[in-house]
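Here is the structure we will look at.
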Amino acid sequence: DDGTIPEDNPFYNEQGAVKSIWAYGNRNAQGLVFDGVNKILWEHEHGPRGGDELNHIVKGENYGWPLVSYGINYNGTTFTNKTTDKAFKEPINYWIPSIAPSGMAMVEGPNYYQWEGDILSGSLRFNYISRIKMDGNKVVEEEKIMEDIGRVRSIEMGRDGFLYVGVESPGRILRLKVSSSLP
């Protein structure tokens, strides 16, 4: 709480390491949320061309960038021939083609009881919200919602218990209400 580096960080006492690192091998983090019920830290990140990832961030783990990836270079060439390796933590979910994830929220509260514990991710590229249905630390299904709303920049659970979505072109903030008839 005071801004100092916690002494239980995984590399705090490792000679030559950066003491503040919690996990590494991530490419370009765009969202970070904590599931307080299941005690899971979630992160999503831009991959290169293909290979955007949803990761369960674990203390001291290496996520493999750039040695493993489901994506390729923007010019179509490859930079690795490996998508997985036992030495690295595997993503929980990945997107091909890239959705360009942005904004991220863990759904909670009575206004969205049907979606409790699901993760919402914005898509800059395809102009929708990805509702990632979760069962603990497993992705059960993915659903596109609010398609064609514009480039989604941010998604937040408001203190009032409603979800808010920041969209560009035109710039606006939307409050998401869910019909009681939706699954």
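The values are calculated or read from the model by the stated rules, or taken from the named source; none is laboratory data. Keep in mind that what you see is a predicted model, and the values were worked out from it rather than measured. Glycine also receives a Cβ, built like all others from the backbone with ideal geometry; neighbour counts cover every protein chain displayed. These accessible areas exclude ligands, DNA and RNA; they are computed on the full protein's heavy atoms, side chains included. Shrake-Rupley method; radii C 1.70, N 1.55, O 1.52, S 1.80 Å.
If you take every DSSP beta bridge whose two residues both sit in the range 15-117, what share of them, in percent to the nearest 5, is antiparallel? The partial results should precede the final answer.
Working: 15 of 16 bridges.
Of all bridge pairs located within the range 15-117, approximately 95 percent are antiparallel.
Express in nm, to one decimal, how much length is gained between residue 172 and residue 80 on full extension, taking 0.36 nm for each residue of separation and deducting their alpha carbon distance. Please report the intermediate quantities before stating the final value.
Details: separation 92, 0.36 × 92 = 33.12 nm, distance 3.96 nm.
So the extension gain works out to 29.2 nm.
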- Message: Restricting the calculation to Cα positions, tell me the Rg (one decimal) and the Dmax (whole number) of the range 40-183 in Å.
- Response: 16.0, 47
- Query: Can you tell me the Rg and Dmax of the range 1-112, counting just the alpha carbons, in angstroms?
  - Reply: 15.7, 48
- Task: Mind grabbing the accessible area of residue 176 for me, 1.4 Å probe, Å², rounded to tens?
- Result: 20 Å²
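Any idea what diffusion coefficient the range 55-134 gets from Stokes-Einstein, in µm²/s, Kirkwood Rh on alpha carbon pairs, 4 °C, 1.567 mPa s? Kindly include the intermediate steps, with their values, before the conclusion.
Values: Rh = 14.7 Å.
So the translational diffusion coefficient is about 88 µm²/s.
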- With all protein chains modelled, accessible area of residue 153 [1.4 Å, Å²]: 120 Å²
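What full-extension length gain, to one decimal in nm, is calculated for residue 145 and residue 49 as 0.36 nm per residue of separation minus the Cα-Cα distance? Working shown, then result.
Working: separation 96, 0.36 × 96 = 34.56 nm, distance 2.32 nm.
Difference between extended and current length: 32.2 nm.
Mind checking the full-extension length gain between residue 59 and residue 138? Use 0.36 nm per residue of separation minus the Cα-Cα distance, one decimal, nm.
On the way: separation 79, 0.36 × 79 = 28.44 nm, distance 1.84 nm.
Additional length available on full extension: 26.6 nm.
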- Query: For residue 138, which lysines qualify as cross-link partners when the Cα separation must be under 22 Å and same-chain residues fewer than eight apart are set aside?
  - Reply: 39, 59, 86, 89
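What are the GluC sites (Glu not before Pro) within the range 93-183 that DSSP puts in a loop, where the Cβ has at most 11 other Cβ atoms within 10 Å? Before the final figure, lay out each step's value.
Numbers: sites: 108, 116, 141, 142, 143, 147, 156, 168; in loops: 108, 116, 147.
Sites meeting the loop and neighbour criteria: 147.
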- Unit Cα scatterers, Debye sum, the range 124-183: log10 I(q)/I(0) for q = 0.16, 0.21, 0.22, 0.29 Å⁻¹: -0.58, -0.95, -1.01, -1.23
- Taking K and R as +1 and D and E as -1, what net charge do the other residues with C-beta under 14 Å from the C-beta of residue 74 add up to? +2
- Hydrodynamic radius by Kirkwood for the range 40-83, inverse mean 1/r across distinct Cα pairs, in Å, is 11.2 Å
- Taking only protein heavy atoms into account and a 1.4 Å probe, give the accessible area per residue of the range 1-142 in Å². 53 Å²
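Determine, from the Cβ-Cβ distance of residue 12 and residue 179 and an R0 of 35 Å, the FRET efficiency 1/(1 + (r/R0)^6), rounded to the nearest 0.05.
0.10
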- Between residue 114 and residue 4, what FRET efficiency follows from the Cβ-Cβ distance if R0 is 35 Å, with the result rounded to 0.05? 0.30
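What pairs in 82/133; 82/177; 82/144 have C-alpha atoms more than 32 Å from each other?
Working: 82/133 28 Å; 82/177 42 Å; 82/144 29 Å.
Among 82/133; 82/177; 82/144, the Cα-Cα distance tops 32 Å for 82/177.
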